[in-house]
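Have a look at the structure below before the remarks.
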Amino acid sequence: MVGLSLGEKHFIQGGIAQDIRSDGRKRLTYRPINVETGVIPQANGSARIRMGATDVISTVKAELGKPISLQPDKGKVSIYVDCSPTAAPMFEGRGGEELSTELSVALQRSLLGGKSGAGAGIDLSSLVVVEGKICWDLYIDCLVVCSDGNLLDALGAAIKAALSNTGIPRVQVAAGASGDEQPEVDISDEEFLQFDTSDIPVIVTLTKVGRHYIVDATTEEESQMSSAISISVNRKGHICGLNKRGGAGLDPSIVLDMISVAKHVSEQLMNKLDSEIAAAEAGEDES
Amino acid sequence: MKDPYTLSHTIIFLTHVSESRLYQTRLDLFHLLLCSYYRTRAPPCCWHRCTCRSGAGATAPNLKAEVRGIQQDGLHLQARSQKYGKLQRGQLLTVPPYLVRRRKQHFHHLELCRVDLILGCNGFICVGEHVEAKDDMVEDQASKLEQQNIKYNKNSISLEEQEQTYTLIETRQSTCRIANAVRVLSILGFNIAIEVIMDTMNLSSSLNLDIHEMLDSELCVMC
């Protein structure tokens with residue numbers, strides 16, 4: 001990552017303190033978000049999100065599998081993030097692996113809830129075909145094409161868009177299967193079930209620079225941060241996940257303040273994302 | 001390594017030169033840094049960014065200097081008059097180098113906005129607060145710089161002191177508007193020249209666009 005001179009650092013910190021950032025945004029303003037869905041036709045669902053220069057692609061692939069014996073009535077979802085070496089110079093070779101693992105784990109905690117599946121943003125019981133025997137496995141893969149800060153928010157939004165674009169094929173189960181036999185299934189090519197994505201939370205990352213918090217930081221602003229908190233909030237305003245990065249410690253009152261600011265910002269972000277996703281899907285249907 | 005191009009009087013930028021070497025008269029450091037980067041025959045406008053290998057990256061300043069010529073092992077730079085030297089507060093933007101044409105004048109001072117604009121041939125554009133070019137003796141400047149160094153190096157510099165030295169809001173707004181104008185022009189592929197930048201700025205002001213809205217597609221369509 002290219003470093004900054006003292007003059008530039010001073011300018012960035014001053015901008016954040018005076019509520020005019022380097023590109024004129026206010027502290028709580030997002031960059032223009034551009035959503036495209038259906039970018040990868042071979043996958044069950046896909047989406048590409050651009051927030052300024054940050055560019056991420058997310059795909060969802062559904063395969064039939066066996067549910068875990070502890071939770072026979074739930075399907076399985078796994079999230080994996082890959083930071084492409086083209087995204088930033090530091091991702092060259094194996095440099096991006098650490099960040100990829102960190103992002104994957106953060107996304108899993110925010111969107112999938114606990115180990116028992118409780119509190120997941122995605123309703124796992126809708127993925128089951130035959131209880132105890134057959135369920136859908138969703139593999140969510142994300143690729144960071146270009147990194148300019150605020151990756152977690154972009155990835156969360158991309159997963160939400162990809163899931164709303166996902167169509168799961170309808171499955172006909174042959175009747176009369178008994179005992180331990182695997183039932184015959186017939187996957188139809190024509191009919192698809194759309195996924196219900198209204199409960200999926202959005203992730204809002206608040207970066208603390210000096211005394212103020214900003215939303216949607218660019219790489220230069222992130223280099224000046226003392227700490228950052230990523231909060232995933234769902235439509236009801238409940239917090240589904242919390243993640244803190246950065247070396248500086250935070251007073252608990254500041255953490256609570258950041259959480260309330262994130263809740264406020266997440267409403268606008270959720271509405272904006274929903275309208276952009278709907279527009280993207282409508283555009284895709286027309287073409 | 002032979003270079004067929006003549007490069008006199010080309011303005012370039014360098015980053016991450018360590019503080020202690022700033023006032024050294026012979027620019028050996030630049031030779032060392034640049035020879036490793038200058039292995040290919042790059043056209044005159046494409047200067048690579050140089051990073052200081054001693055690891056002073058975190059606090060090193062940006063410099064503006066003029067290229068005098070090329071020697072076999074590197075570049076020969078000069079920074080002799082007061083208008084060259086360290087860059088003060090501002091933003092550094094990168095645009096593709098072919099969008100910046102060689103002109104007679106690369107340093108622009110915009111009176112109305114009190115903003116300095118420097119268009120580097122290597123695609124680095126600096127927009128910042130206006131700094132008066134001072135004509136002090138070298139020793140005075142060196143001692144002033146030492147005082148500034150001490151201030152910057154102290155970890156206990158408090159936030160209040162820093163806040164007092166932040167730029168004015170109007171200057172910052174103009175700086176951001178100009179920077180966004182440059183960003184829009186580089187996205188659209190226009191040549192970056194002072195007239196075009198001023199036109200874009202005036203257009204955005206006349207449309208009453210907020211500064212951050214300049215980056216939306218509407219202004220792009222109007223251009």
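Yes or no: A:Ser69 of a type in the set (S, T, N, Q), more than 11 Å from chain B (Cβ to nearest Cβ) and in a loop (DSSP other than H, G, I, E, B)?
Numbers: of a type in the set (S, T, N, Q): yes; more than 11 Å from chain B (Cβ to nearest Cβ): yes; in a loop (DSSP other than H, G, I, E, B): yes.
So A:Ser69 passes the test.
Okay, residues lined up against (1) modelled with pLDDT under 80; (2) surrounded by 14 or more Cβ atoms within 10 Å (Cβ to Cβ):
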| site | (1), (2) |
| --- | --- |
| B:Glu161 | yes, no |
| B:Thr165 | yes, no |
| B:Gln173 | no, yes |
| B:Ala179 | no, yes |
| B:Phe190 | no, yes |
| B:Val196 | no, yes |
| B:Met214 | yes, yes |
| B:Cys220 | yes, no |
(request) Give me the pairs, please: first residue somewhere in the stretch A:152-175 and part of a loop (DSSP other than H, G, I, E, B), second residue anywhere and at pLDDT below 85 and among the charged types (D, E, K, R), beta-carbon distance under 8 Å, and either six or more positions apart or on two chains. (result) A:Ala174/A:Glu184; A:Ala174/A:Asp186
(request) Tell me which of these A:Val81 doesn't satisfy, since it passes every other one: (1) within 14 Å of chain B (Cβ to nearest Cβ); (2) outside any loop (DSSP other than H, G, I, E, B); (3) surrounded by 22 or more Cβ atoms within 10 Å (Cβ to Cβ); (4) not basic (Lys, Arg). (result) (1)
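For the stretch A:25-51, what are the residues that are facing chain B (nearest Cβ under 8 Å) and in contact with an Asp or Glu (Cβ under 7 Å, 6 or more places away or on another chain)? Reasoning before the result, please.
Quick first cut of the stretch A:25-51, residues facing chain B (nearest Cβ under 8 Å) only: A:25-26, A:29, A:31-32.
Across the stretch A:25-51, the qualifying residues are A:Lys26, A:Arg31, A:Pro32.
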(message) Take the residues in the stretch A:4-18 that are part of a helix (DSSP H, G or I) and over 17 Å from B:Thr94 (Cα atoms); name whichever of them is nearest to the other protein chains (Cβ to nearest Cβ).
(response) A:Gly14
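Every residue, every condition in (1) within 13 Å of chain A (Cβ to nearest Cβ); (2) crowded, with 19+ Cβ neighbours inside 10 Å; (3) modelled with pLDDT under 80; (4) closer than 14 Å to B:Thr171 by Cα, yes or no:
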residue	(1), (2), (3), (4)
B:Ser81	no, no, yes, no
B:Leu92	yes, yes, no, no
B:Gln105	no, no, yes, no
B:Asp116	yes, yes, no, yes
B:Val131	yes, no, yes, yes
B:Met137	no, no, yes, no
B:Ser143	no, no, yes, no
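Criterion first (part of a loop (DSSP other than H, G, I, E, B) and over 19 Å from A:Ala282 (Cβ atoms)) does A:Asp23 satisfy it? It would help to see each step written out before you state the result.
On the way: part of a loop (DSSP other than H, G, I, E, B): yes; over 19 Å from A:Ala282 (Cβ atoms): yes.
Taking the combined requirement at face value, the residue satisfies it.
For the stretch B:168-200: of the residues being charged (D, E, K, R) and more than 16 Å from the chain's Cα centre (by Cα), which is nearest to the other protein chains (Cβ to nearest Cβ)? So that I can check it myself, show each step before the final result.
Our first condition is that a residue be charged (D, E, K, R); within the stretch B:168-200, this holds for B:170, B:172, B:177, B:183, B:195, B:199.
Restricting the remaining residues to those that are more than 16 Å from the chain's Cα centre (by Cα) gives B:170, B:172, B:177, B:195, B:199.
On the way: B:Glu170: 10, B:Arg172: 5, B:Arg177: 7, B:Glu195: 22, B:Asp199: 18 Å.
Among them, the one singled out is B:Arg172.
The values are calculated or read from the model by the stated rules, or taken from the named source; none is laboratory data. Everything quoted here is computed from the prediction, not taken from an experiment. Glycine also receives a Cβ, built like all others from the backbone with ideal geometry; neighbour counts cover every protein chain displayed.
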